[in-house]
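S.K.: Quick one: this structure, given as C-alpha cells, is what I'll be asking you about.
The values are calculated or read from the model by the stated rules, or taken from the named source; none is laboratory data. Everything numeric here is computed off the predicted structure, so don't read it as measured data. Cβ placement follows ideal geometry from the backbone for every residue including glycine, while neighbour counts extend to all protein chains displayed. We work out accessible area using only protein heavy atoms, side chains counted, and drop any ligands, DNA or RNA first. Shrake-Rupley method; radii C 1.70, N 1.55, O 1.52, S 1.80 Å.
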Amino acid sequence: MLPNFLVIGAAKAGTTALHWYLAEHPAVFMSPAKDPSYFAYGVDAEGRLLWGEPEFHTLPVRSLGEYERLFAQAGDAVAVGEASTMYLECPQSAARIHKLLPAARILCSIRQPVDRAYSDYLMYLRHRGRRFDPARDLTATSVWADPDSRWMRIGRYHEQLSRYYEVFPRDQIRVLLFDDLRRSPRAFTEDVYRFLGVDPSFVPDLATPHAVGGIPASATMEGLFMRGARSPIRPWIPRPVANWVRRFRSRTMRKPPPLPPALRTELTAHFRDDIARTSELIGRNLEHWL
C-alpha cells in the first residue's frame, strides 16, 4: 500500500504536531515512523547522493519496498499518509512524489522565515549538546543569521513551493501557517481533517506539546530524550506513554530569549521579496511576517 497524502514543510514543530494530530484520527493512518524521507533519497550512477548533507539530513528509507511496508497496517483507513519535512527542501522530491503518487494531497506547514531559522538553530544546538550563547547567537554575525546559511535558505519558500504547484493541481495542495496552529489549534485541525475528507469534528489531544523548542534546563536530561527519540522502538511505544514523555520533556525546557526586534527586522528584510511572491503563490496575506 502507498499513502494518499503527504505532510511536508519547513515549520518542524508544525509538521510534528500535524503528524500526531493526524495519527490520532480514527479514519487516518500515519506511518509509524516520522520522516521516512523516501522521496528525498536518490543517487547518481556512481552511487553518490544527489541531495543531502550528512550533518543535517537522515534518509532512512531508501527502497520502494521499505516504503510500502510503512503502510502495511493501514487497513481500511480513509486517509493514509506520512510526514517528512525534507520534501519541501529537497529539489527532486516534488517530481518524485508526483511520478509515483499523482493523486496525493500535499499538506505543507510554513513559518515566518526568521522565526523558523532561529528555532531550527536552537534545535541544532540541542541535538548536538551545545550551549546557547546570547552574545554569540543573538547577533547578525551568528552562523545561523548569515543569509546564505542553511537555516536562512530554507525560509525562501517561493521556489520550493513552486515545484509542487508546477506538478500538482492547486486543489491537492494546502499550505498551512504555523501562526494559525498557534492561534487556534482546533480550527487548524478541523481544516486539515476537512481537506483530507475525514470527519472534521474529531478533537485530537491538543494539550500534549509536540516538538517542544527552547533551551534544555539539563543537558544530561536532554541527551536521554534525544537517545530515546532515535531509538528504533520509538514508533511502537504506546501513545499514552509517548505523550507522558512529551509532557515531561516540555517541563525540562526553558523558553529561549526572544530575538531582539531590531535583529528580527534586519534579518526579515532579506526575505521581503520572497514573502511577497510566496503570498501571491499560496493566496494568503503574509504582511504580518514583515
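S.K.: Count, please, the residues in the range 69-89 that happen to be open to solvent by 10 Å² or more (accessible area, probe 1.4 Å), over 30 Å from R272 (Cα atoms) and not aliphatic (A, V, I, L, M).
M.R.: 4
S.K.: Still on this structure: Working only within the range 135-181, note down all residues that are among the basic types (K, R) and touching a helix residue (DSSP H, G or I) at 6+ places or on another chain (Cβ under 9 Å). Write out each step before concluding.
M.R.: Kept after step one, since they are among the basic types (K, R), are these residues of the range 135-181: 136, 150, 153, 156, 163, 170, 174.
Within the range 135-181, R136, R150, R153, R156, R163, R174 qualify.
S.K.: When the range 139-173 is examined, which residues are found to be among the acidic types (D, E) and in a helix (DSSP H, G or I)?
M.R.: The first filter runs over the range 139-173 and keeps only residues among the acidic types (D, E), leaving 146, 148, 159, 166, 171.
Residues satisfying the conditions are E159, E166, D171.
S.K.: Another question, if that's okay. Specify the residue that is least open to solvent (accessible area, probe 1.4 Å); the eligible residues are those in the range 90-132 that are in contact with a strand residue (DSSP E or B) (Cβ under 9 Å, 6 or more places away or on another chain), at pLDDT 95 or above and of a type in the set (D, E, K, R).
M.R.: Of everything passing the filter in the range 90-132, R116 is least open to solvent (accessible area, probe 1.4 Å).
S.K.: When you go through (1) within 17 Å of P256 (Cα to Cα); (2) in a loop (DSSP other than H, G, I, E, B); (3) open to solvent by 40 Å² or more (accessible area, probe 1.4 Å) one by one for R136, which number turns out not to apply?
M.R.: (2)
S.K.: Sticking with this structure for a sec: Just to check your reading of the model, which residue among A40, A17, A83, A13 is touching a Phe, Trp or Tyr at 6+ places or on another chain (Cβ under 8 Å) and closer than 22 Å to D191 by Cα?
M.R.: On the way: A40 fails: closer than 22 Å to D191 by Cα; A17 fails: touching a Phe, Trp or Tyr at 6+ places or on another chain (Cβ under 8 Å); A83 fails: touching a Phe, Trp or Tyr at 6+ places or on another chain (Cβ under 8 Å).
Exactly one residue qualifies, and that residue is A13.
S.K.: Oh, and also: Within the set of pairs 6 or more residues apart or between chains, which connect a residue that is touching a residue at least 24 places away in the same chain (Cβ under 8 Å) inside the range 66-95 to a residue that is polar (S, T, N, Q) and in a helix (DSSP H, G or I) with Cβ atoms less than 8 Å apart?
M.R.: So the pair list comes out as A83/T15; A83/T16; T85/T15; M86/S93; Y87/S93; L88/Q160; E89/Q160.
S.K.: Read through the list (1) open to solvent by 40 Å² or more (accessible area, probe 1.4 Å); (2) within 15 Å of the chain's Cα centre (by Cα); (3) touching a residue at least 60 places away in the same chain (Cβ under 8 Å), then give the number of the only condition that P32 fails.
M.R.: For P32, the exception is condition (2).
S.K.: It is to be established whether one or more residues within the range 168-186 are loosely packed, with under 15 Cβ neighbours inside 10 Å, at pLDDT 95 or above and under 21 Å from A276 (Cα atoms).
M.R.: Yes, the conditions are met somewhere in the range 168-186.
S.K.: Here's a follow-up. Evaluate the following for P54: is it more than 23 Å from L6 (Cα to Cα), touching a helix residue (DSSP H, G or I) at 6+ places or on another chain (Cβ under 8 Å) and open to solvent by 30 Å² or more (accessible area, probe 1.4 Å)? Show your work before the answer.
M.R.: Working: more than 23 Å from L6 (Cα to Cα): yes; touching a helix residue (DSSP H, G or I) at 6+ places or on another chain (Cβ under 8 Å): no; open to solvent by 30 Å² or more (accessible area, probe 1.4 Å): yes.
No: the conditions fail for P54.
S.K.: Now for a separate question. Mind checking which residues of the range 143-167 are open to solvent by less than 10 Å² (accessible area, probe 1.4 Å) and either within 28 Å of F5 (Cα to Cα) or free of Cβ contacts under 8 Å to residues at least 12 places away in the same chain (or both)?
M.R.: The answer is M152, G155, Y157, L161, Y164.
S.K.: In the range 4-22, how many are within 11 Å of F178 (Cα to Cα) and either buried (at least 24 other Cβ atoms within 10 Å of the Cβ) or among the acidic types (D, E) (or both)? Can you show your working first?
M.R.: At the first step, the residues of the range 4-22 found to be within 11 Å of F178 (Cα to Cα) are 9-15, 17-18.
Still in the running and either buried (at least 24 other Cβ atoms within 10 Å of the Cβ) or among the acidic types (D, E) (or both): 9-11, 14-15, 17-18.
Residues flagged as within 11 Å of F178 (Cα to Cα) and either buried (at least 24 other Cβ atoms within 10 Å of the Cβ) or among the acidic types (D, E) (or both) within the range 4-22 amount to 7.
S.K.: Oh, and also: For A33, state whether it is of a type in the set (G, A, S), farther than 16 Å from Y67 by Cβ and not in a strand (DSSP E or B). Spell out the reasoning first.
M.R.: Numbers: of a type in the set (G, A, S): yes; farther than 16 Å from Y67 by Cβ: no; not in a strand (DSSP E or B): yes.
So A33 does not fit the description; no.
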